[in-house]
Amino acid sequence: MPAFSLEPEQTAWCAELRALAADRLRPLADRGEPGHVNRPLVAALGDLGLTARLFTSGALDLCLMRESLAQECTEAETALALQGLGAHPVHAHGTPAQRERWLPGVARGRSVAAFALSEPGAGSDAAALRLAAEPDGAGGWTLTGEKCWISNAPEADLYTVFARTTPGAGARGITAFLVPADRPGLTGTSLDMLSPHPIGALRFDAVPVTRADVLGPVDGGFRVAMDTLNLFRPSVGAFAVGMAQAALDATLAHTAARDAFGGKLADLQSVAHQVAEMALRTEAARLMVHAAACAYDAGAPDVPRRAAMAKLLATETAQFVIDTAVQLHGASALRRGHLLEHLYREVRAPRIYEGASEVQRGIIAKELYREVREAREIREIREVREAGEVANARQRTEGGA
């Protein structure tokens, strides 16, 4: 199952993606307005066939795309990932009419999608969300409440929105809805973030939705959300690995060329050992990401644990690698416009979104103990069965005597 090495075709494709990101996507990203959706960049991703590939590729391909783009243009990587995150629930759980209406525009890069799960009081705790879906008396609902920290908001064209249809039911009372941006009562504001991505808050003031807007079953939205996150969490790790690799490459070039203390920085053992540690952790994180993605593609039962491990290790690794790279570059890395200044701002958010590091540790522990319980139950059933077989054999022996 784990992909310990890539096929030559995959390696060549990754190199092609990096070249496309540097030559065609980086200039579009540089011309974008910070904090707003860069529609020319999204359109270019569609023209290159990358957004369409989101709906035909497996988890490993998604990871390869995200890592490759991140090495050269984090803005392009993020724009691609957000299209996938927002539209995957429609692709995987939507009706034929929903898919036909929205997915072609997303695939071409002409429609912008968003995944609206987090709320001011319910970020990583998705089961605690409070956006209310209240019956309207005609078979539909009205949505009332808020969403916050939503990427591409408030400028997206369609939102996958998770709302509470059954009060007091926890994770079992959530429904996913496909909500076009032009629905009456839906408004939003942009948020000014450390790294200026398009992120905002949404306000729902009795926004009407119908049965035709439901994604998956009513009260089954939590599974829709987790299905999406299990796919995208390893690829968040791939994004982090791409940033770590870019920082490592820059550090290798800098320390090999920089004169210091009568030689090159790379000649200092303290520097060389730090670079070795950066490379070691980056490669370990990459292998963990690939293993999680292959597990997803193979339909393995331990995907939630592997996905959590991949996201956790890769994002924490990228934070370490980029911070170390800044340290080895010195003050030049802190100047506005330097690659590492950019990566230093970019790398902090992935440890929070799509489940903070603390949440990932909780998922890992929960899954490990679940596996222990299941193994114990299987062992107990086997012991009972074997004891019964022994008793039956004894009875047959005694009866024959």
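The values are calculated or read from the model by the stated rules, or taken from the named source; none is laboratory data. These numbers were taken from a predicted model, which means no experiment stands behind them. Neighbour counts run over all protein chains shown; Cβ positions are idealised from the backbone, glycine included.
Looking at (1) modelled with pLDDT of 95 or more; (2) crowded, with 23+ Cβ neighbours inside 10 Å; (3) under 23 Å from ILE150 (Cα atoms); (4) under 17 Å from the mean Cα position of the chain (by Cα), which is the only condition ALA307 fails?
That leaves (1) as the condition not met.
Kindly indicate the residue of the range 348-382 that is among the charged types (D, E, K, R) and not in a helix (DSSP H, G or I) and also surrounded by the most Cβ atoms within 10 Å (Cβ to Cβ) among those meeting that condition.
In this case the residue turns out to be GLU354.
Given the criterion within 17 Å of the chain's Cα centre (by Cα) and among the small types (Gly, Ala, Ser), identify the matching residue among GLY355, GLY337.
GLY355
Can you tell me which residue among ASP182, ASP192 is closer than 24 Å to GLY35 by Cα, modelled with pLDDT of 95 or more, assigned to a loop (DSSP other than H, G, I, E, B) and over 20 Å from the mean Cα position of the chain (by Cα)?
The unique qualifying residue is ASP182.
Within the range 133-179, how many residues turn out to be at negative phi, part of a strand (DSSP E or B) and not small (Gly, Ala, Ser)?
21
Filter the range 93-124 for residues that are within 16 Å of the chain's Cα centre (by Cα) and over 30 Å from PRO27 (Cβ atoms); which is modelled with the lowest pLDDT?
If we take residues in the range 93-124 being within 16 Å of the chain's Cα centre (by Cα) and over 30 Å from PRO27 (Cβ atoms), then SER124 is modelled with the lowest pLDDT.
Of the residues in the range 245-268, how many are outside any strand (DSSP E or B) and surrounded by fewer than 13 Cβ atoms within 10 Å (Cβ to Cβ)?
5
Kindly indicate the residue of the range 125-139 that is small (Gly, Ala, Ser) and modelled with pLDDT of 95 or more and also surrounded by the fewest Cβ atoms within 10 Å (Cβ to Cβ) among those meeting that condition.
ALA132
When the range 197-238 is examined, which residues are found to be surrounded by 24 or more Cβ atoms within 10 Å (Cβ to Cβ) and assigned to a loop (DSSP other than H, G, I, E, B)?
PRO198 - this is the single residue of the range 197-238 that is surrounded by 24 or more Cβ atoms within 10 Å (Cβ to Cβ) and assigned to a loop (DSSP other than H, G, I, E, B).
From the residues in the range 273-300 that are of a type in the set (Gly, Ala, Ser), in contact (Cβ under 8 Å) with a residue 12 or more places away in the chain and in a helix (DSSP H, G or I), which one is farthest from ARG348 (Cα to Cα)?
Going through the qualifying residues, I end up with ALA295.
Could you list all residues from the range 32-44 that are farther than 18 Å from GLU346 by Cβ and either outside any helix (DSSP H, G or I) or touching a Leu at 6+ places or on another chain (Cβ under 8 Å) (or both)?
PRO40, ALA44
Kindly indicate which of LEU64, LEU82 is closer than 19 Å to ALA349 by Cα, among the aliphatic types (A, V, I, L, M) and not assigned by TED's automatic domain parsing to the domain that holds THR315.
Checking each option against the conditions leaves just LEU82.
For (1) of a type in the set (Phe, Trp, Tyr); (2) more than 30 Å from LEU17 (Cβ to Cβ); (3) touching a Ser or Thr at 6+ places or on another chain (Cβ under 9 Å); (4) touching a residue at least 24 places away in the same chain (Cβ under 8 Å), each residue gets a yes or a no:
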position	(1), (2), (3), (4)
GLU75	no, no, no, yes
ALA81	no, no, yes, yes
GLY84	no, no, yes, yes
PRO96	no, yes, no, no
GLY109	no, no, yes, yes
ALA114	no, no, yes, yes
LEU117	no, no, yes, yes
ARG130	no, yes, no, yes
THR144	no, yes, no, yes
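For the range 55-63, state whether one or more residues are under 20 Å from the mean Cα position of the chain (by Cα) and closer than 19 Å to ALA247 by Cβ.
yes
Pairs only if they're at least six apart or on different chains, beta carbon under 9 angstrom, first in the range 250-265 and closer than 19 Å to LEU340 by Cβ and touching a residue at least 24 places away in the same chain (Cβ under 8 Å), second assigned to a helix (DSSP H, G or I) and hydroxyl-bearing (Ser, Thr, Tyr); list them, first residue then second.
Listed by first residue and then by second, the contacts come to THR251/THR324; HIS254/SER332; LEU265/THR255.
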